[in-house]
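Encoded as structure tokens, the structure appears first; notes follow it.
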Amino acid sequence: MLQMYFWRQYLREFLYTIPAILIAITAHEFAHGFVSSRLGDPTPRRDGRLTLNPLAHLDPWGTISLLLFRMGWAKPVRINTAYYRNKKAGIIMVSLAGPCMNYLIGFLGLLIYGICFQNDSSLGTWFYYLAVVNIGLGTFNLIPLPPLDGSNVLQELFPGVKRFYFSFRRYAAPLLFLLLLTGILRVPLNWINNQILNGMWRSVVRILHIVIVPSGGGVVV
């Protein structure tokens, strides 16, 4: 009986997570392409990356990582920095666009979850999963290792890092997957994600004036 309950919960969580992952990946990569396009670069549009079709953005390693750990990455958007007026600023803006989009969707997901909070609905629960997945994707992509967005920001701030990344890039994705599989990254990333999630939730509680009654009694507003 307990085993059946476990598998039912696992299946439910899996079904909640899949659409959330597809939305998170699509929005993340679309944001990269959109900002680069706004800076004058036609490459994302030519490559078909200015689309909300998830299949255009999936990366095998990154998708598996997202399914297993709720942290991962998508296929990088190709950009041509020659079109940018300020190359360094442009690369940093494009790199941060993806994580910022994920954090924005994460907050909106929590906001809708807050609206549904008193009803305890399945729809509200799904929006909570949407928030968790997006916050996880945004934070993970800020790690300064290729192919993640944090590496692009770091090498623009510290140009000497670029040479190291060039020789290391082919090993980066398997290494990131291994670090997640062994749990080395999970503890610090989960702590950061929880801090962001809790901070956003406190803001939602204040915005919506949600009243939470703890099990031990008393009222929290």
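Quick note: the coordinates plus some simple rules give every number you see, no bench work behind them. Keep in mind that what you see is a predicted model, and the values were worked out from it rather than measured. Here Cβ is always computed from backbone atoms with ideal geometry, including for glycine, and neighbour counts include all displayed protein chains.
Positive end of the dipole of region 17-208 (Cβ unit charges, origin at the Cα centre): among Val205, Ser95, Ile23, the Cα lying farthest that way belongs to Ser95. Sorting Lys87, Lys75 from the fewest to the most surrounding beta carbons within 10 angstrom yields Lys87, Lys75. Relative contact order for the chain: 19 percent, from Cα pairs under 8 Å spaced at least 6 residues apart, divided by residue count.
As a calculated quantity, the FRET efficiency between Leu123 and Ile192 at R0 = 30 Å, using C-beta atoms, amounts to about 0.65. By the count of neighbouring beta-carbon atoms within 10 Å, fewest first, Trp61, Trp191, Trp201 end up ordered Trp191, Trp61, Trp201. Dipole magnitude for the chain: computed about the Cα centre from +1 point charges on Lys and Arg Cβ and -1 point charges on Asp and Glu Cβ, it is near 600 debye. Bridging of Lys88 to aspartates and glutamates at a Cα separation below 17 Å is possible for Asp41, Asp149, Glu156, once same-chain residues fewer than 8 apart are set aside. Here the peptides 134-142, 21-29 are ranked by packing, the mean other Cβ count within 10 Å, and the order with the highest first is 134-142, 21-29. Rounded to the nearest 20 debye, the dipole magnitude of region 130-221 is 160 debye, with +1 charges on Lys and Arg beta carbons, -1 on Asp and Glu beta carbons, and the Cα centre as origin. The label-point distance for Arg38 and Leu67, in a model that sets each label 7 Å from Cα toward Cβ, rounds to 3.4 nm. Return the calculated 222 nm mean residue ellipticity for the chain, to the nearest 500 deg cm²/dmol, obtained by summing -39500 (n - 2.57) across DSSP H runs with n ≥ 4 and dividing by the residue count. Here the helix-only value at 222 nm equals -23500 deg cm²/dmol. Can you give me the angle between helix 161-182 and the longest principal axis of the chain, using Cα atoms only, in degrees from 0 to 90, rounded to the nearest 10? With rounding to tens, the tilt is 30 degrees.
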